[in-house]
């Protein structure tokens, strides 16, 4: 019998294991991961950005955890010798209509306690010479890191704290027992007094197995990236973002210098027909059926029909994708970019068609379900894990 069992070996699950081991050093902790490596899905396929917290509603969990997580992630990397860089990023307006939106974003950054600076066109081009824009803001605290390396260190620390970490353990059934829960996997059974669900793309299904009745469903969105060819990497010094469309729940196509020196361009945001569907042709009937029969999806689709269609067209047309990149850097040509990896965002959607715009943690007797932890969960992971551990009273 374990004191705590965690489902999911992404960055939030591993951080939670580590935080529990620190908070309760005598506890027996198990973590169950269905793959044979850590961070195999949402965490391991993200853009590697240490976010500042500028985008999020003041007072929200995302704003608080991201701002604090930015500092704690940098400190963690320093302490454990993980390569990172606080390189900063610019967010730019390329049309007159975007200028008031850029100012709103600047004000939000100020409200969130983030160091931001307004930039003229000329000042932007001193930082990123190849940008075409009207104005911008500089967010100095944004950084880059390899989150797979971070997860590996989290796992090592959890094991040093004597947590039991298991690979290839896919949870297929959850039973309530007198002392807590019994987790039945494809390999065996694990009994626990307290269950913590950090299953990412499958967090809603794990909550359903535990009779938690989640108030939202995961709808997977694939983000597809291109990569600048090595000879064109000089076009991007650090990170370049557009002003996000306030009516569309994604940040827009941007340029990200990775910690290995490569430069990724993207992502778009298209519905995935499989929760772990990293390719256009990936399909899973149950995942597809769940989305197509969910009223919330159709309400969302109607509300965002035009930008959604544009995202789909950009997915199938490299020319359209490149055109969106040229709004930021006109010099980029089709031959300068090659396809690279895609990621899938585990986004929770309510029945009324509203995206869950904050981290969502559902508390139940002897259980806690993290049912919405997309970006900036990686940046915020140390803070999320700490918050989960602090909520538990033994």
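Readers should treat all values here as calculations from the given coordinates under stated rules, not as data from a laboratory. Nothing here was measured: the structure is a model prediction, and the numbers come from that model. A quick note on method: Cβ atoms are made from the backbone with ideal geometry, for glycine too, and the neighbour counts reach across all protein chains shown.
With everything on Cα atoms, drop me the angle between helix 147-160 and the longest principal axis of the chain, reported from 0 to 90° to the nearest 10. Result, in degrees: 20. Across the alpha-carbon set of segment 40-89, the Rg to Rh ratio works out to 0.99, Rh being the Kirkwood radius. The Rg/Rh ratio for segment 342-388 is 1.00, where Rg is the radius of gyration of the alpha carbons and Rh is the Kirkwood radius. In terms of its Cα atoms, segment 99-141 spans 30, 22, 11 Å along the principal axes, sorted from long to short.
Across segment 276-368, the fraction of Cα-Cα pairs farther apart than 20 Å, rounded to a whole number, is 56%. For segment 103-249, a Kirkwood hydrodynamic radius built from all Cα pairs, placed in the Stokes-Einstein relation at 10 °C and 1.306 mPa s, yields a translational diffusion coefficient of 77 µm²/s.
Annotation: average projected area of segment 237-394 is 11.8 square nanometres, based on the convex hull of Cα atoms across all directions.
Each residue, residue 173 and residue 156, gets one label point 7 Å from its Cα in the Cβ direction; the gap between the two is 3.9 nm. Listing 298, 38, 316 from fewest to most neighbouring C-beta atoms within 10 Å gives 316, 298, 38. Binning the C-alpha pair distances of segment 216-299 at 10 Å intervals from 0 yields a P(r) profile of 16, 35, 30, 15, 3 %, listed from the shortest bin outward.
Can you grab the distance from the C-alpha centre of segment 56-79 to the C-alpha centre of segment 198-240, Å, no decimals? Centre-to-centre distance over Cα atoms comes out at 19 Å.
Helix 11-23 and the longest principal axis of the C-alpha atoms of the chain enclose an angle of approximately 50°.
Give me log10 I(q)/I(0) at q = 0.10 Å⁻¹ for segment 1-133, Debye formula, one equal scatterer per alpha-carbon, no solvent. Here log10 of I(q) over I(0) equals -0.49. Roughly what angle does helix 99-111 make with the longest principal axis of the chain, taking Cα atoms, 0 to 90 degrees, to the nearest 10? Once rounded, the angle reads 40 degrees. Diffusion coefficient of the chain by Stokes-Einstein, Kirkwood radius over Cα pairs, 25 °C, 0.890 mPa s: 114 µm²/s.
Considering only C-alpha atoms, what is the centroid distance from segment 311-328 to segment 1-45, in Å? Each part reduced to its Cα centre gives a spacing of 38 Å.
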